[in-house]
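Here's the structure, in structure tokens; my notes come after.
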Amino acid sequence: MRILAIDTALDTCAACVLAEDDEAPISDESLPMARGHAESLLPLIERVIARVEGGFDAIDRVAVTVGPGSYTGLRVGLSAARAIGLATGKPVVGVGTLSALLAPLLADTVEGTIAAAIDARHGAVYAQALGSGEGLAPAHLAIADAADHLGSGPIVLTGSGAPLLAAALAERGVEARVAGVAGPDIASVASLGLLADPAQALPRPLYLRGPDARPQDHARIARR
């Protein structure tokens, strides 16, 4: 099986084609960017597919990161993945951004807890953890609350929110190491996509907090 993986959830625009049982992608490209995913993604996918014998006909499945991440970035990736799936008749699966961040740590022998954290601004993180304790399902938490959920350590952290969480853990006397602060590796997105059940891992955005905008209940013109 060959999978086309797409990631636009954070500050990267990336895609790759990975064959089942292969460690390295057949073709991949990753561009760091905070904005501009909509303009960059489709040309990037075209370049990636051009290096694959058989092109889109050789793809059996499409995977895309579903969040947490930026609202615009997620919509760009999801729209592209769904369009490709519709055009090729191939299934599309969603991969959690935090799960993709954790995947490389799962491949290593790590004692204690592993946790992925994405800086959600305003003193909060999106976090997910696996390990010796109860673990932590993907959640939007204040940094202090996230630190409290991770237990007594040792803890290995990854993601843009890892330094913030490591500092909070240090204040509690908990041993924590930051393994990296970059976004998910596109090959990890592809690997998780190959394992996903298309009936369960739906390509829908994963929002862990409500929108920042709120209705104006006291506006000059009352809402009807």
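The values are calculated or read from the model by the stated rules, or taken from the named source; none is laboratory data. Owing to the predicted nature of the structure, the values given are computational and were not obtained by experimental measurement. We place every Cβ from the backbone using ideal geometry, glycine too, and count neighbours over all the protein chains shown. To get the accessible areas, we keep the full protein, side chains included, count just its heavy atoms, and leave off ligands, DNA and RNA. Shrake-Rupley method; radii C 1.70, N 1.55, O 1.52, S 1.80 Å.
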*Calculated SAXS-style log₁₀ I(q)/I(0) at q = 0.12, 0.15, 0.19, 0.23 Å⁻¹ - segment 98-180, Debye, Cα scatterers*: -0.25, -0.40, -0.67, -1.02
*What is the Rg over Rh value, at two decimals, for segment 165-209, using alpha-carbon atoms and the Kirkwood definition of Rh?*
1.15
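What is the extension gain from Thr72 to Arg177, computed as 0.36 nm multiplied by their sequence separation minus the C-alpha to C-alpha distance, in nm to one decimal?
In short, 34.7 nm is gained.
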*So, with +1 on the Cβ of K and R and -1 on the Cβ of D and E, and no other charges, what is the size of the charge dipole of the chain about its Cα centre, to the nearest 20 debye?*
1240
_If you filter segment 84-191 for trypsin sites (Lys or Arg not before Pro), then keep DSSP loop positions with at most 11 other Cβ within 10 Å, what is left?_
none
*Loop-located trypsin sites (Lys or Arg not before Pro) in segment 44-80 whose Cβ has at most 13 other Cβ within 10 Å (DSSP)*: Arg51
*May I ask for the Rg/Rh ratio of the chain, computed from Cα atoms with Rh as the Kirkwood radius, given to two decimals?*
1.02
*In sequence order, calculated HN-Hα J values of segment 93-98 (Karplus, 6.51, -1.76, 1.60; Hz; x Gly/Pro)*: 10, x, 10, x, 4, 5
*Among Gly161, Gly123, Gly96: highest mean-square fluctuation, GNM of the chain, C-alpha pairs under 10 Å*: Gly123
_With a 1.4 Å probe and all protein chains left in place, how much accessible area per residue does the chain have, in Å²?_
52
*Over segment 98-180, what percent of the accessible surface lies on carbon and sulfur atoms, probe 1.4 Å?*
50
*Mind giving me the nanometre distance, one decimal, between the label points for Ser27 and Ala144, set 7 Å out from Cα along Cα→Cβ?*
5.1
